[in-house]
Amino acid sequence: MSDRLTADLAEGIARARDTDYLNMNALLTEEERALLAKVRVFGDRELLPIVNDYWERGEFPHEILPKLAALNIVGDTMSGYGTTPMSAVGQGLVSYELGRLDGSIGTFMGVHVGLAMQSIYQLGSEEQRQRWLPPMAALEKVGAFALTEPDHGSDSVALESTATRDGDTWILNGRKRWPGNATWCDVIVVYARDTADGTVKGFVVEKDDPGYSATKIDGKVSLRMVQNADIVLDEVRVPDDRRLVHCNGFPDVAKVLMGTRNMVAWSSAGHAVAAYEIALTYAQRRIQFGQPIAQRQLIQSQLVQMLADVTAMQLYCIRLGRLLDEGEVTDTMAALAKYYCSVKARDVCRQARDILGGNGITLEFHVMRHLCDMEALVTYEGTAEIQSLIVGREVTGSGAFV
Ligand SMILES: Cc1cc2nc3c(=O)[nH]c(=O)nc-3n(C[C@H](O)[C@H](O)[C@H](O)COP(=O)(O)OP(=O)(O)OC[C@H]3O[C@@H](n4cnc5c(N)ncnc54)[C@H](O)[C@@H]3O)c2cc1C
């Protein structure tokens, strides 16, 4: 490929192309459109130029934190406490646009906002919200969410980390695996089982608490900028005012996860639309056998399949977001959307990678990064199989987990 074509392609990829075949845009409010446009401009200017380098080095780009803070996109469905109010669709659009640019940044926000802040917002007292949410909304403090354990992933309901009350404090013991941001964040929401009554409770651990340690999981080939960690809790003492007072069992944790499954569906759609747009741009410019490969029937068939999948994902997401805004989403609806969008998005990224031939496996053309990152999205917040089991139980009336 000539240098001119490479530059032309890079420009085509960088330009937001707005794949929106069934006019999803018409279903958005003015505010939501403005939010989408704001994040898109930010992504193109600030993220796209740096993501491949950080991804390759496996480091988090701390330089973007002040810029992300200035963008005022920490809101989700929370209100007050310095957050930016937005609809569930609005928050979804933020995830969509970040997914379109880079999965690691999208995941960083998903963990910080959707998991850590939402745990405190949904399960904390008013005093606890006032204490942690404003600095987190300003990205002055960053959060992590520690649920998964080395021996309990899909069955995190059976988690074994313990919390033992000792006067006005709790003593936490156990191990956690995978929490994103955990090597460098300020606060970690830890879920542990009360040794007195066996219920799952939530606690806010701070990074310097004696007995807390987090070791980066090296060697990841997905979401390489996200600093996932193995955590050890060795007699970590936290005062009772750091126990999330409205967390009275695992079903409360599950409520937090329902919102983030919505966000994973949107992020997946973002990855897919990026991969589709890159593949289309590439196919129109790549000449083989004397013609652009976009003129070949086999390539067009693949592009149309990808477009059909992307369009279905967009519609899934906007409907799910509206239902969430109306308070009508069930956990099985969120599970179905997460299942469909993550699995389909991985397929779309894989097809895009094929259309790019050898260039498809380079970071320069982005689709391999999207494909690698989608592998994590299919897994986290509950694997595709677990989402199937959740929906399957409802539609058949028979649980098939065990
Ligand atoms: C990049 C990344 C980031 C993450 N971030 C966080 C985080 O911030 N905080 C956090 O707490 N956790 C986090 N996780 C953990 C994530 O939620 C778990 O990896 C996920 O729930 C799956 O658990 P597991 O990896 O232990 O797989 P397992 O549960 O061991 O599953 C292995 C395989 O068995 C299948 N399986 C399991 N049970 C059944 C069954 N009953 N029937 C059929 N198939 C079954 C699964 O679908 C999967 O294919 C993250 C994970 C990754 C990869």
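The values are calculated or read from the model by the stated rules, or taken from the named source; none is laboratory data. What you see is a predicted model; the values in this text were computed from it and never measured. Cβ sites come from the backbone with ideal geometry, for glycine too, and all protein chains shown count toward neighbours. To get the accessible areas, we keep the full protein, side chains included, count just its heavy atoms, and leave off ligands, DNA and RNA. Shrake-Rupley method; radii C 1.70, N 1.55, O 1.52, S 1.80 Å.
Residue by residue, here is whether (1) at positive phi; (2) surrounded by fewer than 17 Cβ atoms within 10 Å (Cβ to Cβ); (3) in the same structural domain as Phe203 (by TED's automatic domain parsing) holds:
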| residue | (1), (2), (3) |
| --- | --- |
| Leu233 | no, no, yes |
| Val238 | no, no, yes |
| Met258 | no, no, no |
| Arg261 | no, no, no |
| Trp266 | no, no, no |
| Val273 | no, no, no |
| Gln300 | no, yes, no |
| Gln305 | no, yes, no |
So, in segment 354-387, how many residues would count as being more than 10 Å from the ligand (Cβ to nearest atom), closer than 25 Å to Gly43 by Cα and either touching a strand residue (DSSP E or B) at 6+ places or on another chain (Cβ under 7 Å) or in a helix (DSSP H, G or I) (or both)?
14
Out of all the residues in segment 151-186, which are under 17 Å from Val226 (Cβ atoms) and in contact with a His (Cβ under 7 Å, 6 or more places away or on another chain)?
Asn181
Please list, ordered by residue number, the helices (runs of 4 or more DSSP H) wholly in segment 1-62 having 3 or more residues that are open to solvent by 30 Å² or more (accessible area, probe 1.4 Å) and at pLDDT 95 or above.
30-42, 48-57
Kindly provide the set of residues from segment 317-331 that are of a type outside the set (Asp, Glu) and open to solvent by 70 Å² or more (accessible area, probe 1.4 Å), ordered by number.
Arg319
Residues being more than 11 Å from the ligand (Cβ to nearest atom) and either charged (D, E, K, R) or within 14 Å of Val74 (Cα to Cα) (or both): count how many of those fall in segment 98-119.
9
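Table: residues versus (1) buried (at least 24 other Cβ atoms within 10 Å of the Cβ); (2) in contact with a helix residue (DSSP H, G or I) (Cβ under 6 Å, 6 or more places away or on another chain); (3) at pLDDT 95 or above.
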position	(1), (2), (3)
Ala163	yes, no, yes
Trp178	no, no, yes
Ala192	yes, no, yes
Ala196	no, no, yes
Gly219	no, no, yes
Leu223	yes, yes, yes
Val245	no, no, yes
When only residues in segment 388-402 that are assigned to a helix (DSSP H, G or I) and more than 9 Å from the ligand (Cβ to nearest atom) count, which is farthest from the chain's Cα centre (by Cα)?
Thr396
I'd like to check something: does segment 144-160 contain any residue that is more than 16 Å from the ligand (Cβ to nearest atom) and not assigned by TED's automatic domain parsing to the domain that holds Met78?
no
Among what's in segment 81-106 and is touching a residue at least 40 places away in the same chain (Cβ under 8 Å) and in a loop (DSSP other than H, G, I, E, B), pick the residue that is least open to solvent (accessible area, probe 1.4 Å).
Asp102
